[in-house]
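The values are calculated or read from the model by the stated rules, or taken from the named source; none is laboratory data. Computed from a prediction, not measured in an experiment: that's the story for all the values here. Positions of Cβ are backbone-derived with ideal geometry, glycine not excepted, and every protein chain shown enters the neighbour counts.
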Amino acid sequence: MGRYGLVCLLLAALAWGQADSNAARPQLATRPPDAASQAPAGAKPSDADQPDISKISPTTPVITIDGLCDNPPADKTNAADCKTVITREQFETILNAIQQPNMPARAKRQFATRYASVLVMAQQAHEMGLDKGPGFEEQMNLMRLQVLSREVNRSVQEKASQISDKDVEDFYNGHKADFEEADLYRIVIPKNQQPPASKTKLSDAEEKKLTEQGQEAMKALADKLHTRAVAGEDFTKLQEEAFQAAGVKTKAPSVTMNDMRRNSLPPNVASVMDLKEGEVSQVFSDATGFTIYKVKKKETEPLDKVKEEIRGNLRAQRVQDAMQNIEHSATTSLDDSYFGPAGGAPPPGISPARSMPPTRPN
């Protein structure tokens with residue numbers, strides 16, 4: 001293990017933070033991204049910041065470090081022959097190794113400067129004998145394990161991205177209900193009535209009874225409003241009456257909910273998506289109160305509109321499944337008497353491959 005072994009260790013430490021922050025972690029899409037919103041303002045570099053490198057051959061030196069060589073001469077008069085030259089091809093091989101092949105020009109210059117500094121430090125460490133001994137060897141071994149772990153992650157994600165048009169079409173045809181969208185009306189009826197102001201302090205029993213009476217009144221109101229909603233009365237008017245009856249002083253919320261999908265509704269009211277246009281739901285209840293829905297418009301989004309969303313869903317699910325299969329292929333047991341109870345922060349220096357959070361299309 002020579003000077004370049006130490007370079008690998010230092011370079012990995014140099015680039016690890018950047019590589020880690022840019023590790024591909026697919027997100028489950030809920031809508032195809034708006035291309036115009038993806039690039040932050042001012043992110044496009046000017047032509048002056050992006051040199052034309054098309055005419056630079058692979059063998060052209062792009063970094064030259066005078067005074068750095070494997071066997072520096074003792075006689076300083078011959079120091080001109082001691083230099084390290086890195087060609088474009090060699091430098092871009094390094095960028096590929098840290099998975100940054102498209103690094104912007106400004107960042108590339110900064111990285112090249114830091115890389116040259118690392119080479120000089122590695123040479124000094126070699127001359128000091130710091131690249132020898134069990135401590136160094138173990139650090140290199142840990143770094144190798146971490147690189148292998150990340151390579152597995154990268155390979156899994158590359159394979160998961162191989163999604164054909166037929167895969168997308170099959171998923172769409174098998175999950176059309178997931179891509180139904182509806183414009184809804186909704187009435188929100190609070191569970192509790194605001195008690196009237198009282199100059200006399202009530203006992204706990206009296207307060208409890210008053211609360212129960214108010215809840216019963218609001219439940220009865222919800223049933224009456226439901227009957228009127230089915231009869232075709234305006235939802236905005238019914239919503240205002242619900243808040244007035246509850247004694248709520250704030251403005252009643254809008255009754256309109258547009259572009260709603262089954263998985264964007266609370267699970268207990270997802271059955272609203274089974275209704276036809278013009279139909280009114282049952283009265284739903286939860287800890288906060290009651291809700292009534294009416295379907296204004298309902299349609300299934302076409303395949304072309306949701307194609308990229310499906311690709312994102314499939315890719316995320318494949319990555320999750322593959323990583324879980326790998327993680328479940330072995331079982332680890334730790335001695336609590338030595339390590340203490342489970343929990344706490346992960347140990348420094350180890351960053352295991354990360355799997356996707358458990359997310360599946362409904």
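Structure notes:
- Selection status of E241, assigned to a loop (DSSP other than H, G, I, E, B) and in the same structural domain as K191 (by TED's automatic domain parsing): no
This table checks each residue for (1) out of contact with any Gly (no Cβ under 6 Å at 6 or more places or on another chain); (2) surrounded by fewer than 13 Cβ atoms within 10 Å (Cβ to Cβ); (3) farther than 30 Å from V85 by Cβ; (4) touching a residue at least 40 places away in the same chain (Cβ under 8 Å).
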residue	(1), (2), (3), (4)
F111	yes, no, no, yes
N141	yes, yes, yes, no
V152	yes, no, yes, yes
S155	yes, yes, yes, no
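- As a summary of the residue check, S161 satisfies the conditions (1) modelled with pLDDT of 95 or more; (2) closer than 30 Å to K296 by Cβ; (3) surrounded by fewer than 18 Cβ atoms within 10 Å (Cβ to Cβ) except for the one numbered (2).
- For the residues A222, A245, the requirement of being aliphatic (A, V, I, L, M), within 23 Å of D286 (Cβ to Cβ) and in contact with a helix residue (DSSP H, G or I) (Cβ under 6 Å, 6 or more places away or on another chain) singles out A245.
So that you can scan it fast, the table gives a plain yes or no per residue for (1) at pLDDT 90 or above; (2) under 24 Å from the mean Cα position of the chain (by Cα):
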| position | (1), (2) |
| --- | --- |
| D81 | no, no |
| I94 | yes, no |
| R106 | yes, no |
| A112 | yes, no |
| V156 | yes, yes |
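- Restricting the stretch 36-60 to residues that are more than 18 Å from R106 (Cα to Cα) and in the same structural domain as T113 (by TED's automatic domain parsing), the residue that is modelled with the lowest pLDDT: K55
- On inspection, I65 does not qualify as surrounded by fewer than 16 Cβ atoms within 10 Å (Cβ to Cβ), β-branched (V, I, T) and over 30 Å from the mean Cα position of the chain (by Cα).
- The residue that is farthest from L184 (Cα to Cα), among those in the stretch 211-223 that are surrounded by 13 or more Cβ atoms within 10 Å (Cβ to Cβ) and without any contact (Cβ under 8 Å) to a residue 40 or more places away in the chain, is T211.
- Checking D170 against (1) free of Cβ contacts under 8 Å to residues at least 24 places away in the same chain; (2) assigned by TED's automatic domain parsing to the domain that holds S264; (3) not β-branched (V, I, T), the condition it does not meet: (2)
- Spans of helices (runs of 4 or more DSSP H) in the stretch 99-211 with at least 3 residues of a type in the set (S, T, N, Q) and over 30 Å from R261 (Cα atoms): 105-127, 134-160
- Residue in the stretch 176-192 that is over 30 Å from A322 (Cα atoms) and among the polar types (S, T, N, Q) present: yes
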